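The block underneath contains the structure these notes are about, expressed in structure tokens.
The values are calculated or read from the model by the stated rules, or taken from the named source; none is laboratory data. Being a predicted model, the structure only gives us computed values, none of them experimental. Every residue, glycine among them, receives a Cβ derived from its backbone with ideal geometry; neighbour counts consider all protein chains shown. We work out accessible area using only protein heavy atoms, side chains counted, and drop any ligands, DNA or RNA first. Shrake-Rupley method; radii C 1.70, N 1.55, O 1.52, S 1.80 Å.
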Amino acid sequence: MTVLDSRSGKPEPDVDPDPAVLLTSEGVRMPSVEDIGAGRGPSWLDEWLARNAADVIAWYRHIHAYPELSRCEYNTTELIAGLLAGVGLRPRLMPAGTGLVCDIGSGGRCVALRADMDALPLTELTGLPYASTVVGACHACGHDAHTAMLAAAGLALASAPELPGRVRLIFQPAEEVMPGGALDVIDAGGVDGVDAIFGLHCDPRVEVGRVGTRVGAITSATDLLELQLTSPGGHTSRPHLTADLVHALGTVITGLPALLSRRIDPRSGTVLVWGAVHAGEAPNAVPQDGVLRGTLRTGDHEVWEDLEPLVAGLVQSLVAPTGVGFKLHHQRGVPPVMNDRDCTQVLRAGVEAALGEDALAGTKQSSGGEDFGWYLEHVPGSFARLGVWSGDGPIPDLHQPTFRLDERALLVGVRVLTHTALAALA
């Protein structure tokens, strides 16, 4: 579904040309979306959203309908670059051709706002009129919303009469693959000269109009483990004449999580969960090879630094008595997102200015991974959870093909990002 410019001046016959109504190429009419923070200023932001709110929704729906997987976000990058260049800004593409950065304003102090752009390899099941047109790809994590919100915040900031410094927009590719596209941005100099960085992530457990903030760890480090086992194989009637590979797999499946729970401080929130296991086909044959894959997560940065050698030693001790050969691949993923105290106060000030004190909410640390943590290894910053639940009905979780959001959250996000940038510069 192609979303047309809601203010093109060329409505279909017998269609109300109300600028708050969006039109698709199929002539579908989409209602305007309430701006929860309207009237809270500054005046140029209120005026920009009054003129362009319908377009913000249109950009979001277009990106949602045409998702692109990690490091393939070419059309999304082109769309955002065109929007920014259209108001005289000078976006700079990342070397690989997906993702971009763009500075607004001038001055020595620079704060960054970041959005991720990539979709997930899932087939959408929402039934929305603007659902994904790509089989096997959909925006089930809200990155389409992040991208549309940051584009709108950037254009709104560009309309300000004056800014007390520079705002850098970071449209990042490949958040959904480890170790994350944030490293691409950092390697390309995307945070050079940045004094603080901020980001939002959709949270379907928080009602729209509220934003969850937290000092310290808000997400966890996430690593991937793959264990490949080998055996001579043989008949199940004579396991003593070979190495029982399936038994060895079972030993690691149950033994490694148990041992980690005794070797690591339980307050660290460290958890190992297996997601895939495969070995053999015949019930009466000991297989020659097998594989075990899972995720290892921790909420403690110091624990994360020590996990790789600890896991290797424990796997060695578990597998050695079985006689099975093994190869362990431990892929370090992303560090925990550790929110800076001062930057979190700035972000809270931005939320309060945008929506009022009642919009502030606390939030718990998640075991999920988020490559925003890489930025915070270089620059202080804060990451918050943007409420996208309508307050009514079921709450589909992130990374589910049924995930959908309340579109009022888009305009909330624009206001929060804009006010946070202003608070950080001030």
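Data for the structure
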item	result
Within the stretch 389-426, considering residues that are of a type in the set (G, A, S) and not in a loop (DSSP other than H, G, I, E, B), the one surrounded by the fewest Cβ atoms within 10 Å (Cβ to Cβ)	A423
D5 farther than 22 Å from T147 by Cβ, open to solvent by 60 Å² or more (accessible area, probe 1.4 Å) and at pLDDT below 50	no
Test: residue in the stretch 184-199 that is in a loop (DSSP other than H, G, I, E, B), open to solvent by 30 Å² or more (accessible area, probe 1.4 Å) and in contact with a Leu (Cβ under 8 Å, 6 or more places away or on another chain)	no
Residue check for M30: aliphatic (A, V, I, L, M), buried (at least 17 other Cβ atoms within 10 Å of the Cβ), at pLDDT below 95 and in contact with a strand residue (DSSP E or B) (Cβ under 8 Å, 6 or more places away or on another chain)	yes
Test: residue in the stretch 358-379 that is over 22 Å from the mean Cα position of the chain (by Cα) and open to solvent by 10 Å² or more (accessible area, probe 1.4 Å)	yes
Evaluation of G180 against (1) touching an Asp or Glu at 6+ places or on another chain (Cβ under 8 Å); (2) open to solvent by 10 Å² or more (accessible area, probe 1.4 Å); (3) not hydrophobic (A, V, I, L, M, F, W, C) (one fails), failing number	(2)
Where L328 falls short, out of the listed (1) buried (at least 19 other Cβ atoms within 10 Å of the Cβ); (2) farther than 25 Å from M117 by Cβ	(1)
V134 being within 14 Å of the chain's Cα centre (by Cα) and open to solvent by 50 Å² or more (accessible area, probe 1.4 Å)	no
Qualifying residue in the stretch 153-174 (condition: touching a Cys at 6+ places or on another chain (Cβ under 9 Å), surrounded by 20 or more Cβ atoms within 10 Å (Cβ to Cβ) and without any contact (Cβ under 8 Å) to a residue 40 or more places away in the chain)	no
Considering residues of the stretch 380-400 that are farther than 16 Å from T219 by Cα and of a type in the set (A, V, I, L, M) only, the residue nearest to the chain's Cα centre (by Cα)	V388
Residue that is farthest from L376 (Cα to Cα), among those in the stretch 339-354 that are part of a helix (DSSP H, G or I) and open to solvent by less than 30 Å² (accessible area, probe 1.4 Å)	A354
Residue match in the stretch 271-292 (condition: surrounded by 18 or more Cβ atoms within 10 Å (Cβ to Cβ), within 25 Å of M178 (Cα to Cα) and modelled with pLDDT under 95)	no
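Every residue, every condition in (1) out of contact with any Asp or Glu (no Cβ under 9 Å at 6 or more places or on another chain); (2) more than 28 Å from S367 (Cα to Cα); (3) open to solvent by less than 40 Å² (accessible area, probe 1.4 Å); (4) part of a strand (DSSP E or B), yes or no:
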position: S237; (1), (2), (3), (4): yes, yes, no, no
position: L259; (1), (2), (3), (4): yes, no, no, no
position: T295; (1), (2), (3), (4): no, no, yes, yes
position: W304; (1), (2), (3), (4): no, no, yes, no
position: E308; (1), (2), (3), (4): no, no, no, no
position: V311; (1), (2), (3), (4): no, no, yes, no
position: V315; (1), (2), (3), (4): yes, no, yes, no
position: A320; (1), (2), (3), (4): yes, yes, no, no
